[in-house]
Amino acid sequence: MSVLDQAVARAKSQRDDLRLELEKSPSGLEWCRRHTLILDEIWRALFDEMSSRFPMLPPISLVATGGYGRQEVAPYSDLDVALIPGQEDPALDPAIRWLFMQAHEVFGKELNCKLNYVYRLVADVPGLDAVNISNLMDGRVIVGSAQPYRELDAAIWNDFPAAEFILAKIDEREKEMEASHTTPLVVEPNLKLGAGGLRDFHAANWIGAAMGERIGAPGRDVDALLLARNLLHHYTDRFHDLLNRQRREQIAETLGIEAYEYGAQLADAMERIHEEFRHKKHSLRESRFQLTKKSWSVVGELRLDADCPGHEAAVAVNLATRLGLEVDRQTAVNGNECGPECLVAISGGITTIRNMEECGVLETILPELTACRTLMPRDTAHRYTVYEHTIVALEHLEDLELNSPLGEIKEAATELEALRLAILLHDVGKVDDSRPHSETGAELAIQVCRRWKIDARRSRIVTWLVQEHLTMAKFLRMRDVFHADTAAEFAKIVETEEKLQLLTILTACDVKAVSPELWTPVQETLLLELYARTRAIIQSRYGDEPDAASLRDRIRRRLSKEEVPAEQMQEFLASLPVHYLLTTDPDTAKGHFSLVQKANQGEVAVLFTDFKDLGITDITVCCHDTPGLLNRILGVLYALNFSMLGVRASTIPSNPSVALDTFTVAYRGGIVSERQAVRIERALNQVVSGEKAIEDFMRESGKDPDRRQDSIRVNVVDQQPAILEVQAPRGKGLAFRVARMLSENGYDIQTVRLGQWAGSASAAFYVRREDNEPVDAKALAVLFD
């Protein structure tokens, strides 16, 4: 039998004896240390065998890390080891391969231990995360030369990222407790990861070490948890850290203690351990330690060296904010030295930005924004200065809830750092009121990205977002998002799903920050509808004219099970225009079918559909079509003081033709009441039937039917149907007055989208010529000169 085989056989026998002893004379840390020594002997035998097989190897440290390094190895604990060579050498490769193949045979198959190993070089230190660093902090050389480990340990501490490490360990600890239990006062505790578990003790030591303190030795409470964990592994015969009632009773019986009393003793111990961890976190404000090369935490306050570069100062404020340090006005930092670290620093959120402002760092790294601090917006809708509006927009980004539609879009977005910078820069162009601020802002964004040394791809995203930050809001105000052409047009602008996600979030945050009253459930619904339709086009790359036959067939199949005569339904669907089919679901189409049947009998059929969560009502009017009908209906709703949000008009060819028009309205921010619905239906019957002229009805209601639209500005999008974009002073009569002018000049209106912004009204009219000739964009615009 070889020396290695003898060592393994001896270790197996010793472990078996130790397991028997655990039940007869249980202990905590003492048992773990004796167990550790047995395992160490196997590694020494393996290492000696490797050295004899592969002579002339460079100095190597074989290091126990994590719990194995701390000598806290329970019966089924994992074994973490690191192999650290003094230098790279080709001879190492076959030697290491042999070592770990043998180790897996011995520890995995012979001893039933889970083995985790890493190969570490001093050059790896800058890339190590907090988990790997803390594992190595608990390192202990088992065999080999101690020098390579000393050099690696020195490299860790030479440029130790104390603040980032502390934050990472606190965050890691909070997640562990969230996944198990956040209070030590539980009936079935997780002995390692729960609040008050062993990890609280470990984390407190790691945080203390990062602040320059000595590692604390495990006390009586830690020993009690190790004892419980040893017996739990022993009785479950596997790796297990959750102490349930049954195992607690079994362990209590072994210890000769009543089960409930033992549970209380463990809870007492865990409560004290957890309190020590909480105290260690609090002591961060009482210590002095380094945050970055030129910044410090001094008794709870941030201190920057006088020559601290701008990007490092920004990172320091981010770290200080997350650590809960006080951040006051600092000595001026070097603003000429900025780097991409600034982009990471602003990801700390609104509190970080406020602290950057407080200590003067924001003015150093982003003077374009602080120049807008007291700049007044030139429209009346804004509640804040340009600077404060920007900060509030960033707050709205933070406040997006994960389980909300916008929160899910944010979660899917991959360039949130670019988005945050774009939000900070989206209105900085307002310093120059001689040109559109989106253009000026985009130029300033390019300068900032260059100064921050941001890579070309992100720079393009930031600049594009600033350039287009008004575009989606304009589409919501000036386009019918349910019209097929709208999403296709918007998809050509955004081009990619990534840019669509970012612009959607920016638009929501920007509008919300203008004034709370501007962002309504209707606005959010329209935004999400435009997002969904545009996303579908981008994903499929399909933007052609929809197939009318397939759209009709979709509705027909859905209604085939309904009590609707098939022949009549087929005739009805065949008569519908494509824009109706695109924007109407089968259930609505069924209701409209009933309305058309009534209209064919000469009735003025009216259907009210309420959307209480949005505070709006759809009013569908169906009757024989006559010249000026749409204008008369708009006149009725205007006279009755309803706010018009949108119109979708359809004409069904027949003899006579039938109009099927839907008007989306609100009354003082809410739906149409039953009493108001009766009044609307009565008035529509009077006016549409000719019983009463619309002009007379309007005058009786206190409205002037002959009033012309004041201060109107128009733009015509030259397409078919043409889109007439209108801006005018805020008021409820815009749709009626513009529709009247269009009707008087031979234009047929398909869709109207209306909105309010910054004290003005805006609308988009999708129009065709009644004679089916192409719309002359210039001639249409001249009507409103």
Would you mind checking the tilt of helix 162-179 against the longest principal axis of the Cα atoms of the chain, expressed as 0 to 90 degrees and rounded to 10?
80
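Summarise the accessible area of the chain (1.4 Å probe, protein heavy atoms) by the percent that is carbon and sulfur. Could you put the intermediate results ahead of the total?
Numbers: 16820 of 35520 Å².
Of the solvent-accessible surface of the chain, carbon and sulfur hold 47 percent.
Between residue 408 and residue 171, what FRET efficiency follows from the Cβ-Cβ distance if R0 is 25 Å, with the result rounded to 0.05?
Details: r = 23 Å, r/R0 = 0.92.
FRET efficiency, residue 408 to residue 171: 0.60.
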On C-alpha positions alone, give me the angle between the axis of helix 259-282 and the longest principal axis of the chain, in degrees, nearest 10.
70
How big is the dipole moment of segment 317-437 about its Cα centre under a simple scheme where the beta carbon of each Lys and Arg is +1, that of each Asp and Glu is -1, and everything else is neutral? Debye, nearest 20, please.
260
Taking a straight Cα-to-Cα line shorter than 18 Å from residue 281, and setting aside same-chain lysines fewer than 8 residues away, one finds 169, 175
Kindly rank 163-171, 310-318 from highest to lowest mean number of other beta carbons found within 10 Å of each residue.
310-318, 163-171
Residue 115 paired with residue 446, simple spin-label distance in nm, labels 7 Å along Cα-to-beta-carbon:
6.0
R0 = 35 Å: FRET efficiency of residue 772 with residue 700, Cβ-based, nearest 0.05?
0.40
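Using 0.36 nm times the number of residues separating residue 691 and residue 30, minus their current alpha carbon distance, what extension gain do you get? Write out the running numbers ahead of the final one.
Numbers: separation 661, 0.36 × 661 = 237.96 nm, distance 10.12 nm.
Contour length minus the Cα-Cα distance gives 227.8 nm.
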Heavy-atom accessible area per residue - the chain, 1.4 Å, Å²
45
I'd like the antiparallel share, as a percent to the nearest 5, of DSSP beta bridges with both residues in the chain.
90
As I understand it, the value is the acute angle between the Cα axis of helix 484-494 and the longest principal axis of the Cα atoms of the chain; what does it come to in degrees, rounded to 10?
40
How high is the relative contact order of the chain, in percent, counting Cα pairs under 8 Å that sit 6 or more residues apart?
7
In the neighborhood of residue 185, defined by Cβ-to-Cβ distances under 15 Å, what is the net charge if each Lys or Arg adds +1 and each Asp or Glu adds -1?
-3
How large is the charge dipole for the chain, taken about the Cα centre, if only the Cβ atoms of Lys, Arg (+1) and Asp, Glu (-1) carry charge, to the nearest 20 debye?
660
Two pseudo-spin positions, 7 Å from Cα along C-beta at residue 715 and at residue 532, lie apart in nanometres by 2.8
Part-to-part distance (alpha-carbon centres) for segment 410-486 and segment 515-529, which is given in Å:
20
So for each of 266-273, 406-413 I average, over its residues, the number of other beta carbons within 10 Å; can you give me the resulting order with the highest mean first?
266-273, 406-413
Charge dipole of the chain about the Cα centre (unit charges at C-beta), most positive-ward option of 721, 387, 639:
639
With runs of 4+ DSSP H residues as the only contributors, calculate the mean residue ellipticity of the chain at 222 nm using -39,500 (n - 2.57) per run, divided by the residue total and rounded to the nearest 500.
-16500 deg cm²/dmol
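Between beta-carbons, use under 12 Å as the cut-off and find the net charge around residue 347, counting Lys and Arg +1, Asp and Glu -1. Could you put the intermediate results ahead of the total?
Numbers: positive: 322, 420; negative: 341, 398, 415, 417.
Neighbourhood net charge equals -2.
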The extension gain from residue 371 to residue 431, computed as 0.36 nm times the residue separation minus the Cα-Cα distance, is 20.8 nm
What is the local net charge at residue 785, summed over the other residues whose Cβ is closer than 13 Å to its Cβ (Lys, Arg +1; Asp, Glu -1)?
+3
Mind listing the Cα extents of segment 615-747 along all three principal axes, in Å, largest one first?
41, 39, 30
Between residue 525 and residue 21, what length in nm is gained on full extension when 0.36 nm per residue of separation is reduced by their alpha carbon distance?
174.6 nm
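Highest mean first, what order results for 395-403, 511-519 on Cβ atoms within 10 Å?
Working: 395-403: 13.9, 511-519: 18.0.
In decreasing order of mean packing, 395-403, 511-519 become 511-519, 395-403.
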Taking Cα extents along the principal axes in Å straight from the coordinates, which label in (i) 89, 82, 59; (ii) 110, 67, 54; (iii) 86, 56, 48 is the correct one?
(ii)
Label-point gap, in nm, between residue 498 and residue 272 - each point 7 angstrom along Cα→Cβ:
5.5
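The values are calculated or read from the model by the stated rules, or taken from the named source; none is laboratory data. As the structure is a prediction and not an experimental result, all values here were calculated from the model. When we count neighbours, we look across all protein chains shown, and the Cβ atoms used for this are built from the backbone with ideal geometry, even at glycine. In case anyone asks, the SASA skips ligands and DNA or RNA and just uses the protein heavy atoms, side chains included. Shrake-Rupley method; radii C 1.70, N 1.55, O 1.52, S 1.80 Å.
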